Amino acid sequence: MDEEHGTGVLHSTFRSERFLDIDNVPGTFYPDLVEDINQCNRIGINDATYVLVWKLLENLLIDIFRDQYGKQEIDLYYLLENRRSRTFNDLINTFEENLDDFQHSSGGLDSDFINELDAFWQNANAEAHSIETNITKDEMKEYREQARHVVQILFRVNQNM
């Protein structure tokens, strides 16, 4: 779908700017995921960009919980009976409920940060479950700024655990 004209013409818009402009991404899993996010954005696959950032944030939260609480409190981030991680929304709520446990790891962890994380989740959730997506360039720009900020803070928390 031509996002500017709504013509139904399938084409992509090449973007030279990286969506997540982060160097020295830690770990073995995260560098490839950040590159996938940047590639999707580069060729204009907006809904995939949303979903992959969602995956990044969800996994960062899980890793932060693992580092902070270990297996002793696995129920905070993992449902043993279902053998899967908690939903992204549950992880955000758990993070908010335990925010004081992470204050030593990074500045910027406050209700505004939680609101940003929650707003991202709501936007990404709507896009991930929508049959039709019409994400504008302005929305992607706003989303990029929001995602960069949230990702940087969570990477900082993760590295300082």
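Side notes on the structure shown:
- Subset of segment 96-154 [among the polar types (S, T, N, Q) and under 24 Å from Y77 (Cβ atoms)]: N98, Q103, S105, S106, S111, N115, Q122, N123, N125, Q146, Q152
- Some residue of segment 56-72 being touching a residue at least 12 places away in the same chain (Cβ under 8 Å), within 18 Å of the chain's Cα centre (by Cα) and part of a loop (DSSP other than H, G, I, E, B): no
- Condition broken by L60, with the remaining ones in (1) at pLDDT 90 or above; (2) hydrophobic (A, V, I, L, M, F, W, C); (3) open to solvent by 30 Å² or more (accessible area, probe 1.4 Å) satisfied: (3)
- Candidate set from segment 106-161 (those that are open to solvent by less than 60 Å² (accessible area, probe 1.4 Å) and of a type in the set (V, I, T)); member that is modelled with the lowest pLDDT: T133
- Whichever residue in segment 73-93 is over 13 Å from the mean Cα position of the chain (by Cα) and part of a helix (DSSP H, G or I) and, among such residues, is surrounded by the most Cβ atoms within 10 Å (Cβ to Cβ): L76
- Of everything in segment 115-161 that is within 17 Å of N46 (Cβ to Cβ) and of a type in the set (D, E), the residue that is farthest from the chain's Cα centre (by Cα) is E132.
The values are calculated or read from the model by the stated rules, or taken from the named source; none is laboratory data. Worth saying up front: this structure is predicted, and the values here are computed from it rather than measured. Ideal geometry is used to build each Cβ from the backbone, glycine not excepted, and the neighbour counts take in all protein chains shown. Ligands, DNA and RNA are stripped out before the accessible areas are found, and what is left, the full protein with its side chains, is counted by its heavy atoms. Shrake-Rupley method; radii C 1.70, N 1.55, O 1.52, S 1.80 Å.
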